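Since the structure comes first, as structure tokens, the remarks are kept for the end.
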Amino acid sequence: MSITLKLGDGRQFMSKTLLKLTTSLVAGAFIATAATAADTYGPFPVTVKGYEGDKTNSVSYTGQIARHALHDSLKKAAAKGDGGANAAEVEAMLLAYFNGSDEDLAILAPASKDGFPVKQSTVNEISKGKNISGKFYNGAMPAWPGNVSGQEAVLHMIKHAAQSNGGFDAENGYDWGQIISKYTMGAMMYNQAVDNYLDEKLEADNKPNDKPYKDGAYYTGKEHSWDEAFGYWGGPAHTMSLTPKQAYGIAKGKDLAAADADGDGVVDLKSEHVFGPAYYAAGADKGGTQSTNYMHTIMQAFIDGRQLIADAKGEALTDAQRSELKAYAEVIESNWEKVLAEATFKYAGSVYKDIAKMGSLEGEELAKAYRNYVKHWGELKGFAMALQTGKNNLGGTATELNKLIGYGPVTLDNTYVTGIDADGNFLRERRATWSDYQLQMLQAQKLLKDTFGLASLTNDATADLESLAGKLSSDSNAETD
Amino acid sequence: MEVWDNLIWIVQDFVDPRKRVFVGYLFLSLVIAFVWMWWVGRRNPDNTKRSSLRRLFDKRIFFSNSAKADYKIFVLNRLFSGFISPLLLTQVGIATGMFYLLHDQDWIRSGAFGNTPKALVVALFSLTMFVVDDFTKYLLHRWMHRWPALWSLHKVHHSATTMTPITVYRVHPLEGVLYGARGAVAQGSTIGLFIFLFGNTVDLYTVVGVNVLVFAFHVTGSNLRHSHVDIHYWPWLERILISPAQHQLHHSVAEEHHDKNFGAALAVWDWLFGSLHLSEREKDLTFGLDGRDADYEADLGTIYFRPFKEIGRFFKRRATRLWHTVPKRSSPAAPRKDA
């Protein structure tokens, strides 16, 4: 484009100034738009053709937020058992959160507390008719004993959680709330996002952008598919303005100021809270070597992808647009996988340290340390299983990881779970030393680090070796006499 | 700019306090040497401060053919320093291997002494590291003298006929690699052991980035070991620490001095294994190799390449001898002429 102005000298100068001014205004406006777009996930305009309702924002992911609330509550409910007497009652409760219920379920977590009021207190206030079971990974799950599918594994866990005392099985070394919760972060959230919405739903003929997601909807097929994936990720709309530390504080229910983006004094779970996957991304960025930026990387890719879809203005996406969108999806998927691997790495390190600590303790102190060890092991196991629910078959890595972690941790009498009997009861037919199990944790950390290219490396059990070796400068060792 | 960078790269050991030839240590060595020379000859009326200084900076030593070869080797060996850098990785690998190996042992568990006070752990680690380093240096040095193939390499160092602090660099690059590997093994396994036993409390007491005991060795004149300043200690101390004069005796051509005083900082290893020789007062030593190896003094071609030739010859001789030790058949068939 060229504009030629043939005017007198003085006027030509003025026009040039005018031109420059206009150009900078236009550029400024572009930057401003880009800046707004880059800041938060939505609002994005309604672009679906033929929509006649009054909605102006096409973003919608309340179904996923309801499922986060079901998940957090399921974890909480897993600790309600009293050792057997109320097993039936607790199992019914757990299954209600897992399968959904006709009744409006109370949100057990995240619940309001002093200094952190939460807007919604029942699941239906977020979204009605939602469940976890319908969105749960159901492929093979070799990490759990009994040759089970993904869903059979979690149902087996739920059954045992109901029979446990406060979600803790000291004999077999299980913390049910932790295992179920961390596993679900993979089997529902990660799996649905990366293996469904960011996978087949990005194809041209699946949920196209020139049609509503379903009849009468105010969002297009692609808009809503992307939103659903974003909803599972669990970051609030204003994630980009949060530091990992703030995001961590929100998830823990401690930082109202950071959570309350609209300033109404309460935390709206629909758009202001930090749930599971985003929380662990923040945790990885905040801890370890502090050299990672998973949370913002994933969030930015979600925002950029959504912007791209909005910019298509309700037309079908071209192949070029879809391949750009797939590139964003790839960023999300690979970083999300790393977040799960970083968490697995971190808890393998915790388990290693817990064993070292238990070695010098006795009586009450030992029991307390063992409780912590079992909790950390539950997180380790849950995340290791979560990693195996993604889009890619991890193959040999999964087999190796499952061998190293085992079906259960080494317990106080050195036995560990080796399988289940025909009734689903755990069998502990072998023994291992604490040292052997520590070694397996070291190997698990190495495997995870090497396979997934981890960088945060929280609780790296061999980091001290490297830092000491660095201190002893090796080339002066070559000094001879 | 590039020239300047290269120059810095070549002389960087002089500004690195982890190296023996760091200017600070060299300066302290000079002070020690000067005080020694002046004090030893204090009853001699000709011994003035000026004459002491003149003897200290004797140009027949610093500009001898042997010393000039040292300087050239110093620069040339910088080019080989790249061979040694990968050893840091090896060291981490060995530390990790040791760490893993210990987890496989049933009789000891990791962090078994995790509650030991930090100060004690750090002191113990610093001391152990120094002792292990010193002992493995002793061992390797001894082997460098005792095994003919290694002696071919180590000869390069002993071919110096005058000694200056730079003589410490007069080594065949392969010997540098051997010493580097020794460091990786010794330090790597000590690190692995300590982290296993004491957990993350393990650390090193350092001064200017170097183990405090190594620092002590350097500030007390480690540079004078390779010099003409024959500082000796009391006989009891020479059983514990190697004095500069004892190391100079190690370089002597006299037969009675051969294979003595292999130690680096500590003399106890020589004492324990029967290779200790106390220093001899008022006795002039001649440094270098015997007449057959005179070419080594200043000829760089000989210094860098002859060791390979000698090692080749050595192995050939061994192989031939091995061939002939196989007993012949008692009734050999007539050899076929056409075979």
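Considering each residue of region B:36-46, count those that are assigned to a helix (DSSP H, G or I) and open to solvent by 80 Å² or more (accessible area, probe 1.4 Å), and give that number.
Qualifying residue count, region B:36-46: 2.
Could you list, in sequence order, all residues of region A:309-327 that are part of a helix (DSSP H, G or I) and within 14 Å of A:Thr220 (Cα to Cα)?
A:Ile309, A:Ala310, A:Asp311
Kindly provide the set of residues from region B:178-201 that are within 21 Å of A:Ser435 (Cα to Cα), surrounded by fewer than 23 Cβ atoms within 10 Å (Cβ to Cβ) and either facing chain A (nearest Cβ under 7 Å) or of a type outside the set (Ser, Thr, Tyr) (or both), ordered by number.
B:Leu193, B:Leu197, B:Gly199, B:Asn200
Checking the structure you have, find out if any residue of region B:101-117 is aromatic (Phe, Trp, Tyr) and part of a helix (DSSP H, G or I).
For region B:101-117, residues aromatic (Phe, Trp, Tyr) and part of a helix (DSSP H, G or I): absent.
Which one of these does B:Ala160 not meet: (1) in a helix (DSSP H, G or I); (2) within 15 Å of the chain's Cα centre (by Cα)?
Only one criterion is unmet by B:Ala160, namely (1).
Every residue, every condition in (1) more than 14 Å from chain A (Cβ to nearest Cβ); (2) without any contact (Cβ under 8 Å) to a residue 60 or more places away in the chain; (3) open to solvent by 50 Å² or more (accessible area, probe 1.4 Å), yes or no:
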position	(1), (2), (3)
B:Leu237	yes, yes, no
B:His247	no, yes, no
B:Asp270	no, no, no
B:Asp284	yes, yes, yes
B:Asp290	yes, yes, yes
B:Phe305	yes, yes, yes
B:Gly312	yes, yes, no
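Is it the case that B:His232 is closer than 20 Å to B:Met163 by Cβ, touching a residue at least 40 places away in the same chain (Cβ under 8 Å) and open to solvent by 20 Å² or more (accessible area, probe 1.4 Å)? Don't jump to the end; show me each part of the working.
Working: closer than 20 Å to B:Met163 by Cβ: yes; touching a residue at least 40 places away in the same chain (Cβ under 8 Å): yes; open to solvent by 20 Å² or more (accessible area, probe 1.4 Å): yes.
Yes.
Go through A:Tyr232, A:Tyr183, A:Tyr248 for me and flag whichever is under 30 Å from A:Tyr51 (Cβ atoms) and not aliphatic (A, V, I, L, M).
A:Tyr232
Take the conditions more than 30 Å from A:Ala463 (Cβ to Cβ) and either away from chain A (no Cβ under 11 Å) or open to solvent by 30 Å² or more (accessible area, probe 1.4 Å) (or both) and apply them to B:Thr162. Does it pass?
Judged against the criteria, B:Thr162 is a match.
Out of all the residues in region B:47-59, is one or more away from every other protein chain (no Cβ under 14 Å), in a loop (DSSP other than H, G, I, E, B) and open to solvent by less than 40 Å² (accessible area, probe 1.4 Å)?
Restricting attention to region B:47-59, the residues satisfying the condition of being away from every other protein chain (no Cβ under 14 Å) are B:47-59.
Now narrow it down to the ones that are in a loop (DSSP other than H, G, I, E, B): B:47-48, B:57-58.
From what's left, open to solvent by less than 40 Å² (accessible area, probe 1.4 Å): B:47, B:58.
Yes, that holds for at least one residue.
So, in region A:258-308, how many residues would count as being among the acidic types (Asp, Glu), open to solvent by 40 Å² or more (accessible area, probe 1.4 Å) and outside any loop (DSSP other than H, G, I, E, B)?
So in region A:258-308, the residues among the acidic types (Asp, Glu) come out as A:260, A:262, A:264, A:268, A:272, A:285, A:304.
In the following step, the residues that additionally are open to solvent by 40 Å² or more (accessible area, probe 1.4 Å) were identified as A:262, A:264, A:304.
Applying the additional criterion that residues be outside any loop (DSSP other than H, G, I, E, B) yields A:304.
Qualifying residue count, region A:258-308: 1.
Which residues, counting only those in region A:402-418, are under 24 Å from the mean Cα position of the chain (by Cα) and open to solvent by 60 Å² or more (accessible area, probe 1.4 Å)?
Once the filter is applied, which keeps residues that are under 24 Å from the mean Cα position of the chain (by Cα) and open to solvent by 60 Å² or more (accessible area, probe 1.4 Å), region A:402-418 yields only A:Tyr407.
Looking at region B:109-132 only, could you name the residues that are at pLDDT below 95 and at the interface with another protein chain (Cβ under 8 Å from one of its Cβ atoms)?
B:Arg109, B:Ser110, B:Gly111, B:Ala112, B:Gly114, B:Asn115, listed by residue number.
Taking the options B:Phe217, B:Phe273, name whichever one is under 22 Å from B:Glu175 (Cβ atoms) and more than 15 Å from the chain's Cα centre (by Cα).
Going through B:Phe217, B:Phe273 in turn, just one is under 22 Å from B:Glu175 (Cβ atoms) and more than 15 Å from the chain's Cα centre (by Cα): B:Phe273.
Are there helices (runs of 4 or more DSSP H) fully within region A:356-473 with at least 2 residues that are within 14 Å of chain B (Cβ to nearest Cβ)? List them. Can you show your working first?
Values: elements: A:363-387, A:396-405, A:434-452, A:463-471.
Here the list reads A:363-387, A:434-452, A:463-471.
Applying the selection to region B:86-99, what residues are of a type in the set (Gly, Ala, Ser) and either at the interface with chain A (Cβ under 9 Å from one of its Cβ atoms) or touching a strand residue (DSSP E or B) at 6+ places or on another chain (Cβ under 9 Å) (or both)? Don't jump to the end; show me each part of the working.
Here is the first cut: in region B:86-99, the ones of a type in the set (Gly, Ala, Ser) are B:93, B:95, B:97.
Correct list: B:Ala95 only.
Of everything in region B:1-33, what is surrounded by 13 or more Cβ atoms within 10 Å (Cβ to Cβ), modelled with pLDDT under 95 and over 20 Å from A:Asp481 (Cβ atoms)? Give them in sequence order.
The answer is B:Ile10, B:Val11.
Can we say B:Leu102 is aliphatic (A, V, I, L, M) and either within 9 Å of chain A (Cβ to nearest Cβ) or closer than 30 Å to B:Phe194 by Cα (or both)?
yes
Only residues that are without any contact (Cβ under 8 Å) to a residue 60 or more places away in the chain, open to solvent by 20 Å² or more (accessible area, probe 1.4 Å) and within 25 Å of the chain's Cα centre (by Cα): list them for region A:214-247, please.
A:Thr243, A:Pro244, A:Lys245, A:Gln246
Of the conditions (1) in contact with a helix residue (DSSP H, G or I) (Cβ under 8 Å, 6 or more places away or on another chain); (2) loosely packed, with under 15 Cβ neighbours inside 10 Å; (3) within 11 Å of chain A (Cβ to nearest Cβ), B:Thr136 satisfies every one except a single condition; which number is it?
(2)
Listed residues A:Ala79, A:Ala85, A:Ala96; which is within 20 Å of A:Trp176 (Cβ to Cβ), open to solvent by 60 Å² or more (accessible area, probe 1.4 Å) and either assigned to a strand (DSSP E or B) or of a type outside the set (D, E, K, R) (or both)?
A:Ala85
Name the one entry in A:Gly349, A:Gly288 that is under 20 Å from A:Gly408 (Cα atoms) and touching a helix residue (DSSP H, G or I) at 6+ places or on another chain (Cβ under 8 Å).
Every option except A:Gly349 fails the conditions.
Testing A:Ser360 on (1) modelled with pLDDT of 95 or more; (2) surrounded by 15 or more Cβ atoms within 10 Å (Cβ to Cβ), one condition comes back false. Which one is that?
(1)
Tally the residues that are among the small types (Gly, Ala, Ser) and assigned to a helix (DSSP H, G or I), restricting the search to region B:225-249.
First, pick out the residues of region B:225-249 that are among the small types (Gly, Ala, Ser): B:227, B:243, B:245.
Now restrict to residues that are assigned to a helix (DSSP H, G or I): B:245.
Qualifying residue count, region B:225-249: 1.
Hey, can you tell me all the residues within region A:113-134 that are assigned to a helix (DSSP H, G or I) and surrounded by fewer than 21 Cβ atoms within 10 Å (Cβ to Cβ)?
Matches in region A:113-134: A:Asn124, A:Glu125, A:Ser133, A:Gly134.
The values are calculated or read from the model by the stated rules, or taken from the named source; none is laboratory data. Please read all numbers here as calculations on a predicted model, not as lab measurements. Glycine also receives a Cβ, built like all others from the backbone with ideal geometry; neighbour counts cover every protein chain displayed. All accessible areas refer to the heavy atoms of the entire protein, side chains included, with ligands and DNA or RNA removed. Shrake-Rupley method; radii C 1.70, N 1.55, O 1.52, S 1.80 Å.
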